[in-house]
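First the structure, in the form of structure tokens, and then the observations on it.
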Amino acid sequence: MHLSELYGAGQFGLSIEIFPPKSPEAEEGLRQTLRELSVYKPAFVSCTYGAGGSTRGKTIDWCSEIQDELGLTATAHFTCVGHSRDELLEWLQQADARGVHNIMALRGDPPAGQTDFVTAAGGLSYASDLVALINEHFPQMGIGVAGYPETHPQAVSRKIDMENLKRKVDNGGDAVFTQLFYVNDHFYRYWEEALSLGVNVPIVPGVMPITEFSRIKRIAGMCGAEIPVELASQLEAVQDDKAAQLEIGLEFAVNQCRDLIDHGVPGIHLYVLNKSDAGHRILDALGMAPAETVG
Ligand SMILES: Cc1cc2nc3c(=O)[nH]c(=O)nc-3n(C[C@H](O)[C@H](O)[C@H](O)COP(=O)(O)OP(=O)(O)OC[C@H]3O[C@@H](n4cnc5c(N)ncnc54)[C@H](O)[C@@H]3O)c2cc1C
């Protein structure tokens, strides 16, 4: 189904983000996760595109498998990193030929070991250029774009970052999926600013449950996501007790999602880090359990 058809009147779009694993064991684990989470009938599952790593070629394969084996809609992430315009078109052609018709169009982060994004020879510099390219050559495709409630870490200013978001949507973006955040007020402010700029597509908040504090602290640090002091001190207090961290993280995530839903968000984009446990517990607590398992 096209991204633009997944939100709107009476529809709540739950989406689940995964990444291509590196080992055969982890691949089997992901298959199990996908089977388990598929019962929640997500609007789509998206698969990331590595920043130049060995799993790059796997994104289309996973999307294709998700669609063919689980009957779910898949969205393939794709970035400008290291590709000429012709290579970008070739990859998009492959995705299209394999039935993957929704793309998360991103600029991408610099590959490991590099600090600045460098435009590839004959390539594109911004996600807005990739959105325009997709829209020109594959107008039938659905296009998701990234949004940053706490401003993109390399943005010159918040104002320019918001104008950039508008450009991505004006060039053909069908929906915005945000970076993870733990302070909902940042999202609400962002949503309001985007609306006032005329960004009239669904803006879907990204939620990453805290399952292991050290890992999330690192990820949040890279993204510039604030971790509320009270939450951080609760997590610090249980130190290396991972089970206790998980419980604190899950309770926080459920409350965070409840508050977002109460504010009328069009959906939630759940970063599950290829695991099903946290997702299960959060979705059940939110009353999103599939009908046959309720009660
Ligand atoms: C939902 C989501 C999914 C993601 N999936 C992946 C993934 O699969 N693989 C991956 O490698 N990364 C992924 N990322 C991370 C993303 O690639 C990085 O955040 C990257 O640094 C920016 O990508 P972007 O598409 O937002 O870039 P852009 O929208 O191009 O923005 C990048 C920076 O340039 C600025 N900018 C944009 N246009 C202009 C302009 N015309 N003039 C001046 N400044 C401009 C912006 O303000 C911003 O600071 C994801 C992020 C999110 C939120």
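The values are calculated or read from the model by the stated rules, or taken from the named source; none is laboratory data. What you are looking at is a predicted structure, and each value in this text was computed from that prediction instead of being measured. When we count neighbours, we look across all protein chains shown, and the Cβ atoms used for this are built from the backbone with ideal geometry, even at glycine. Side chains are part of the model used for accessible areas, which takes the heavy atoms of the whole protein and leaves out ligands, DNA and RNA. Shrake-Rupley method; radii C 1.70, N 1.55, O 1.52, S 1.80 Å.
Observations
- Label positions at ASP185 and ASP68, each projected 7 Å from the Cα along the C-beta direction, are separated by 5.0 nm.
- Distance between the 7 Å Cα→Cβ label points at MET222 and GLU36: 2.4 nm.
- Based on C-alpha pairs under 8 angstrom that are at least 6 apart in sequence, the chain has a relative contact order of 20 percent.
- Normalised by the number of residues in the range 1-87, the mean separation of alpha-carbon contacts (under 8 Å, six or more apart) gives a relative contact order of 29 percent.
- Compared with the alpha-carbon gap, the fully stretched path from GLN154 to ALA9 is longer by 48.6 nm at 0.36 nm per residue.
- Only protein atoms count toward the accessible area here, which uses a 1.4 Å probe; on the range 40-155, the carbon and sulfur part of that area reaches 46 percent.
- Nearest-0.05 FRET efficiency for ALA26 and ALA243, computed from C-beta distance (R0 22 Å): 0.50
- Burial order of peptide ranges 219-228, 31-40 (average beta-carbon count within 10 Å, highest first): 31-40, 219-228
- Chain lengthening between ARG215 and GLU87 when straightened (0.36 nm per residue, less Cα-Cα): 42.7 nm
- Considering only beta bridges that DSSP places wholly inside the chain, some 5 percent are antiparallel.
- Restricting attention to the chain, the count of lysine pairs at 8 or more positions apart or across chains with alpha carbons under 21 Å apart stands at 8.
- Computed from point charges on the beta carbon alone (+1 for Lys and Arg, -1 for Asp and Glu), the dipole magnitude for the range 3-288 about its Cα centre is near 280 Debye.
- Highest-MSF residue in the chain out of GLY249, GLY113, GLY50 [GNM, Cα springs under 10 Å]: GLY113
- Estimated FRET transfer efficiency when R0 is 30 angstrom, pair ARG98-LEU195 (beta carbons, to 0.05): 0.25
- Stokes-Einstein D (µm²/s) once Rh is taken as the Kirkwood radius of the range 3-288 over alpha-carbon pairs, at 25 °C in 0.890 mPa s: 127 µm²/s
- Our analysis of the range 1-123 gives Rg over Rh at 0.99, with the two radii drawn from alpha carbon positions and Rh computed by the Kirkwood formula.
- Pairwise FRET efficiency - MET1 versus ASN255, Cβ, R0 = 45 Å, nearest 0.05: 0.90
- 1.4 Å probe accessible area per residue over the chain, in Å²: 46 Å²
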